[in-house]
Structures are given as structure tokens and as C-alpha cells.
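Right, one structure below, let's go through it.
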Amino acid sequence: MRFYLTTPIYYVNATPTLGNAYTTAIADMLVRHQRQRGVDTFFLTGVDEHATKVWRVAEEQGLEAQEYADRIAVPWRELAPRINAEVDFFIRTSDDGHKRFVREFLQRIYDNGDVYQDVYAGLYCVGCEAFKTEDELTPDGLCPDHLVPPEWIEETNYFFRLSAYQDRLLALYDERPDLVRPDFRYNEARSFIAGGLRDFSISRAGQPWGIPLPWDESQVAYVWADALVNYVSALTYARPGEDLRDRYWPAAHHVLGKDILRFHCVYWPAMLLSAGYEPPQQLFVHGYLLLDDRKISKSAGNAVDPLDLIDVYGADALRYWMARAISFGHDGNASVEGIRERYENELANDLGNLLSRTTAMVAQYREGSLRRGDAEPPLDLGALGADVAARLDRFDVTGALDAVWEGVRALNQYVTAEAPWQLAKDPANDARLDGVLYNLVDGLTALAVALAAFLPETAPRILEALQQSDDLSWGRVRNGVAEEVGGIEAARPLFPRIELPQAAA
RNA sequence: GGCGCCGUAGCUCAGCUGGUCAGAGCGCUGCACUCAUAAUGCAGAGGUCGGUGGUUCGAGCCCACCCGGCGCUACCA
């Protein structure tokens, strides 16, 4: 089994937002989970650097474009580690390996007869880095966002014959109903294709910053002809001396936001087909994490620096909140206050306190020694594990976490139902008390393993407090894996109370 | 305009192919318990499942229309 997962490459000339952190964190959960199941995984993220604006800003600051790009790529490279995302490779489109491959890739499309020359013309707003149609402008003919007149640009570009791929794309969609998820995104993409496809330009002239086309060095590859290709190019040089394409392509799963659905679900597969590659295995389109009802983005002006939230609650807590607050795949409302509530109610009170009370009882009633006693386990942990795995196979991150949490709640209920403090009063209950304590430790052990993909920092701490193996193999999500051990001490709070819930916003 | 989605308890949302589907979590109230990070457990809270009219023995779940909100309708990360 192979599982290759990608996030979009982020536009470098901006600051990482919570939305970017969201995509990266969720993707990381999916990869970590597959890894626990013994699947051969590869996780890719990175940045897109070849935008006109990057070059222009660099010029304004008197820097070489590459030098400027090197500088602004830093916070992006730090994003994944800061939210506990473990990526296998961080790609930059200015990497030599990427540039080399893009040229090779485009050459194949060219050789296949899918590229032709034509004139592209339109009103272009430099601030937006986009062509504008007249109805997108203000009555005065200005860009509504930047209030400046757009420039009329007319240039000869190369176009990709997307229109020639309509039938093949429809056939692809028909034979693979799960190519795009969720299903409503599949429908959206398919109906777009069915509506007729227009060719799109893949180059820009007169720009020194970018990847020169192999057959015409005076033009550079335009955004999608450059950026999308990263998903394959990375495999050719991420591991020096190794070509990972055979290993991970087409086992690719692309995670992306709904705003770039068309490019990923239509352009990309067509480009791959043209270049002689298999389409990716799956595209998962997620929605927006709306903060206080507004989309989190730089343009909305309410960007939250995810690093600030991490400093207050910790990366695991932030991951947890992002996965649980809204149903993955749909848009959803969330709030900063919600982070605090999740942290206190669920992480601290439900999970953290469960560990505290469990370890405290083992320490107090059994001097830290765990023995298999005589008591039926309250949970079918194997079934729970199967449920979680099945949900994650469907990218149902939110539902998976929900399922684990039912286990957490069930164990808390079990404590109340069995009342170990009552059992401890009478030696006649020894075997039962042992059994109850064992079931708690055993359940918590399995749940820790099940949670490891979501809470990579916390799960090992739970296992350590329980004196259990740090092995995170998915097979350990079942009953009876806990070892009879000694030396269990009352654990320190997993998620301590936070003093200042205010610094978050 | 066309295609599609959504509107379910104060809040955020589950509800697959129609018949325990009127639910979960949070918030709120009361009770229980003491192992635990003043944590946990239990119970309750009486929501015309946006509106109207249909189909059906029976409809949040099917159909029509209406009201309200939204997405896509092409070259923007």
C-alpha cells in the first residue's frame, strides 16, 4: 500500500494564515494515520514562488527575486513544524529540480501536440495579478480592490488544448466516482467539464522570473503550468539519487481548498494525461474554516496568525480544534472562544482528567502496579479502531475524532459506574478492582494510539504515563494490549488550565 | 439567467436508500459521587425539523411553489 498526500503549494508572497495551517494540519492527520497502519507514505507541501508580484516586490526592495523569495519562504517552511505536521519534503518552485522537471513535463505536452500559440489580451490588474473582465471593474473602470486602472495587456502566449480533453475527462470521472470528494464537489467539477472546456494559456512573456519554456525561452510557464506540476516534480528529486515516481505515482491524494477546485480537478488531470501520466488517485476538496462567520484570509482582513494560537494552547490543541470544530469538507463556523471551550471541556476535562483519575487510582489503590483482574471491558476497542480507520479512509477526519471521543466518554462513564473507590474498601473485590483499573489503562492505551494522528505530541505522553509501549501501530487499537506494569504514578495534567485565554485573537 | 447546496432545540451541527427520526455536543437547571486538572456521571430543558400545498397507510427525509442564505458559471495562491 502506498499513500502519497499533498497540500497545495502556498503562495509565498503572503503570510501563513489559519486557513493554511488548517489544510496542512488535517493533511498531516491523514498521513500519520496511514503511517500507523503500516502504509508507505509520502507527505508533500511547499510554496509557489513564481508570481509576478514576487518579482516586482523584490525589485522594489532592491533584491534579486530569488533572494527575496528565499527570505519570504521561511515562515512557510516553519508552518508545518509549528503545528506538528511531519512533512517528507517541502517543495519550492524555484528548486532546480522542479524547474528542470517542469520543462520536461511541458515539453511532453508540447510534443503531444497539445500546445499552440495565440494572442492573449485583457485588462490586467498588477495588484490582483489577474486579468479582469469589464463587469468586474468599478463603473470608473478601476479595480475594485486596488482602485487603480488595470493595464491593457496583449501578448502572444502558448495555450494548452484543454478543450481536447473534455471526453477523456468525462470518461475518467465516470469510471472513478470517487476521484473527487466530497461528492458534491465531484458533481461540481464534472458539470464544469460537461459544460464545455476552453483552452487556457500556460505562459507569460516578458518576465524574467519563472521557468522558461523549453521550446521558447522568451516565455515563462504561467502559474498553473508551473505550480500544479510540483506534485510530480517533487518525486523526482526529493530524495537525491532516487526517483520516487514509481513508488508514489499515481497513489496521490491531493488535499485542496474549494477555491482551487477547477485547476486541480480539471486542468491538472488533463495536463497529466497529455504528458502521459496517470491522473491522481483522489482529490479531496475541503471547505473554509470560518472564524466568527468570516472567511479567514488575508483579503478579509481578519487573518489570525496561527502561531499565536499555538503559543497559547499548543499545537495539539489547535489541531484538535480545527479537526473537530467543523465537519471536514464543508464550510463551518468556528470561533476563538471555541478553541478555549474545546480545550477545557474536551481536552482537559474529558481526556486529560481521565488520564489523571486513572493513574491516580492505580497509584493509590495498587501502588502503581497494573494487573489483569476480572472485569469485562466496557468498550470494543477493535471495533472502535475499525470505525475510525474506515472514516479516515473517507477523509472524514471530524467523524473519526468523534468516534474516538465517544470512547473517551465511555471510559469516564465506566469509572462512575464501577466506582473503584468503593471496590477498594473491601479486599473481596480485589480481582474486580484490578480488572476495572486494567480496563481503564487498556482503554486509554488504545485511545492514545488512535489519537496519535491527531495529537502527535499528547499521545506519547499518555502512553508514558501509563508505562505502556510507545508503539503506535494501528493494530494496538484493540482490547488487551496493555502490559501488566508497575511504577504508574499520578500523571501531571495533560492539558493544564490556561491563564490568559485572551491573547488568542 | 443556468446548475447545485443549505435553512432541524439558545448556540454549532448529526440525521444513508421515507415508518423508535425528533437527536449529539456546548450553554442552562437540578441531583449523585469523590478517583481526578472545582474534574466526572445522571436527569431535565417541551424545537410546528424555513413557509405553503401535494404524493403516500405513513415525510426533516419524495414532488411543486414561495421566503431567506450560499456555491459554481473559466485562466486568482
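Points worth noting:
- Whole-Hz couplings from phi, Karplus 6.51/-1.76/1.60, listed for the range A:100-110; x for Gly and Pro: 4, 5, 4, 4, 5, 4, 5, 4, 5, 5, 5
- Residues of type aspartates and glutamates that A:LYS425 reaches as a straight line, Cα spacing below 12 Å, ignoring anything fewer than 8 places off in the same chain: none
- Calculated on the Cα set of the range A:312-387, radius of gyration then Dmax: 17.0, 49 Å.
- For chain A, the Kirkwood radius over C-alpha pairs fed into Stokes-Einstein at 25 °C and 0.890 mPa s yields D = 98 µm² per second.
- Taking the centroid of alpha carbons for each part, the range A:173-213 and the range A:37-101 are 23 Å apart.
- For chain A, the Cβ-based charge dipole about the Cα centre amounts to some 760 debye (Lys, Arg positive; Asp, Glu negative; other atoms uncharged).
- Hull volume per residue, based on the alpha-carbon atoms of the range A:1-104 and their convex hull, is 96 Å³.
- Taking every alpha-carbon pair under 8 Å whose residues sit at least 6 apart, chain A reaches a relative contact order of 16 percent.
- Under-5 Å amide H pairs with A:PHE89, H placed in peptide plane, nonlocal only: A:PHE43, A:THR45
- Additional length obtainable on full extension of the chain from A:ASP331 to A:GLU59, 0.36 nm per residue less Cα span: 94.1 nm
- With the simple model of a label 7 Å out from the Cα in the direction of the Cβ, A:GLU188 to A:GLU344 spans 3.6 nm.
- Local charge for A:ASN157 was computed over the other residues whose Cβ lies under 11 Å away, with Lys and Arg +1 and Asp and Glu -1, and equals -4.
- A straight line joining the Cα centroids of the range A:338-400 and the range A:247-276 runs 38 Å.
- Between A:LYS258 and A:TRP152, full extension at 0.36 nm per residue minus the direct alpha carbon distance yields a gain of 35.2 nm.
- Between A:ASP48 and A:TYR10, A:TYR11, A:VAL12, the built amide H atoms are under 5 Å apart, and every one of these is 5 or more places off in sequence or on another chain.
- Couplings 3J(HN,Hα) of the range A:254-268, computed from phi: 9, 9, 8, x, 5, 5, 10, 4, 4, 5, 7, 8, 10, 4, 4 Hz, in residue order, whole Hz [Karplus 6.51 cos²θ - 1.76 cosθ + 1.60, θ = phi - 60°; x for Gly and Pro].
- Extension gain, A:ARG176 to A:GLU457: 0.36 nm times the residue separation minus the Cα-Cα distance gives 97.5 nm.
- Computed from backbone phi with θ = phi - 60° and the Karplus coefficients 6.51, -1.76 and 1.60, the 3J(HN,Hα) list for the range A:417-434 is 5, 8, 6, x, 5, 7, 4, 5, 6, 10, x, 5, 8, 3, 4, 5, 4, 4 Hz; x is used for glycine and proline.
- P(r) tail, the range A:174-271: Cα-Cα pairs separated by more than 17 Å, 61% of all pairs.
- Only Lys, Arg, Asp and Glu carry charge here, each on its Cβ (+1 for the first two, -1 for the last two); on that basis the range A:1-92 has a dipole of about 440 debye about its Cα centre.
- Backbone amide hydrogens, once placed in the peptide plane, bring A:PHE159 within less than 5 Å of A:TYR116, A:GLN117, A:ASP118, A:ILE202, excluding anything fewer than 5 places away on its chain.
- Look at the alpha carbon pairs under 8 Å that are at least 6 residues apart: their mean separation over the length of the range A:186-295 gives a relative contact order of 20 percent.
Values in this text are rule-based calculations from the coordinates and carry no lab data. Predicted model only: the values in this text are computed from it and were never measured. Here the Cβ is made from the backbone with ideal geometry for all residues, glycine too, and neighbour counts use every protein chain on show.
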